[in-house]
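*Asks:* Please read through the structure below; I'll follow up with questions.
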Amino acid sequence: MSIAPGSTGPEWDVPAVTRTHLVRYAGASGDLNPMHHDDSIAQTVGYPSVFAHGMFTAGVLSTYLTRWLGTGSLRTYRVRFKTQVWPGDVLTCSAQVTGVSEVDGEEVVEVEAQVCRQDGSVAVQGWATAVPSAGGAA
């Protein structure tokens, strides 16, 4: 698979985040902070409701990248959390190739990616390097 600088990945829309997503993520990750599943506690400290774990949203972004570039393709991955994700939010993932090089005979791409909420705000911004594989959707 050959990807040129400036190429973009296909946008990927994630259906509305539900409280069930948050509870399942909490159980899988072991992060049982009640602010992610108990409205009364979240509201006690000033939030309107429970909200998604930041790593839940980072996981959504990594899933998008591996669906695009191929399972096992990521070599580095880092994120910056920008804003919270709430139950009912519809997320859209997108990415752009910022650089391409060859390392040890393999094409390595540098990508900047993001997860946006339905209002256009960026929830998570991410950067990755990958060796695209034939298993990706590109």
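*Asks:* Segment 10-27 to segment 105-128: how many Å between their Cα centroids?
*Replies:* A separation of 18 Å, based on Cα centres.
*Asks:* Mean-square fluctuation check for the chain, GNM, Cα pairs under 10 Å: which of GLY120, GLY54, GLY99 is largest?
*Replies:* The residue that fluctuates most here is GLY120.
*Asks:* Further, regarding this structure: Please build a GNM for the chain, connecting alpha carbons under 10 Å apart, and tell me which residue among GLY72, GLY27, GLY59 fluctuates the most.
*Replies:* GLY27
*Asks:* Provide the per-residue ³J(HN,Hα) series for segment 38-50, in order, calculated from phi with Karplus coefficients 6.51, -1.76, 1.60 and θ = phi - 60°, each as a whole number of Hz, with x at glycine and proline positions.
*Replies:* Result, ordered by residue: 10, 4, 4, 6, 4, 6, 4, 9, x, 8, x, 6, 5 Hz.
*Asks:* Still on this model: Normalised by the number of residues in segment 12-130, what is the relative contact order in percent for Cα pairs under 8 Å and 6+ residues apart?
*Replies:* With pairs under 8 Å counted, the relative contact order is 27 percent.
*Asks:* With unit charges on the beta carbon (Lys/Arg positive, Asp/Glu negative), name the residue among VAL85, LEU32, TRP68 whose Cα is farthest towards the positive pole of the charge dipole of the chain.
*Replies:* In the chain, that residue is LEU32.
*Asks:* Projected onto the charge dipole of the chain (+1 at Lys/Arg Cβ, -1 at Asp/Glu Cβ, origin at the Cα centre), which of GLN43, ALA130, THR57 gives the Cα projection farthest towards the positive end?
*Replies:* Farthest along the dipole direction, towards plus: GLN43.
*Asks:* Answer with a single label: of (i) -0.36, -0.68, -1.23; (ii) -0.39, -0.68, -1.09; (iii) -0.44, -0.73, -1.10, which was calculated as log10 I(q)/I(0) by the Debye sum over Cα atoms at q = 0.11, 0.15, 0.20 Å⁻¹ from the structure in view?
*Replies:* From the options (i) -0.36, -0.68, -1.23; (ii) -0.39, -0.68, -1.09; (iii) -0.44, -0.73, -1.10, the structure gives (iii).
*Asks:* With a 10 Å cut-off between alpha carbons and a GNM built on the chain, which of ASP31, ASP104, ASP13 moves the most?
*Replies:* The residue with the greatest mean-square fluctuation here is ASP104.
*Asks:* In which sequence would LEU91, LEU61 go, from the one with the fewest C-beta neighbours within 10 Å to the one with the most?
*Replies:* Ranked by crowding around the Cβ, least crowded first: LEU91, LEU61.
*Asks:* Which angle between 0 and 90 degrees, to the nearest 10, do you get for helix 54-69 versus the longest principal axis of the chain when only C-alpha atoms count?
*Replies:* Approximately 30 degrees, to the nearest ten.
*Asks:* Something else about it: What's the angle, to the nearest 10 degrees (0 to 90), between helix 19-29's Cα axis and the longest principal axis of the chain?
*Replies:* Its long axis makes an angle of about 70 degrees.
*Asks:* Less than 13 Å Cβ to Cβ from VAL122, Lys/Arg counted +1 and Asp/Glu -1: what total charge do the surrounding residues give?
*Replies:* Once all neighbours under 13 Å are counted, the net charge is 0.
*Asks:* Still on this structure, please answer the following. Suppose every Lys and Arg Cβ carries +1 and every Asp and Glu Cβ carries -1, with no other charges. What dipole size does the chain come out with about its Cα centre, to the nearest 20 debye?
*Replies:* So the magnitude is around 300 debye.
Computed from the coordinates by the stated procedures, all read-outs in this text should not be read as laboratory data. Treat the numbers as computed from the prediction; the structure is a model and nothing was measured. Reconstructed Cβ throughout: ideal geometry from the backbone, glycine too, with neighbour counts over all protein chains shown.
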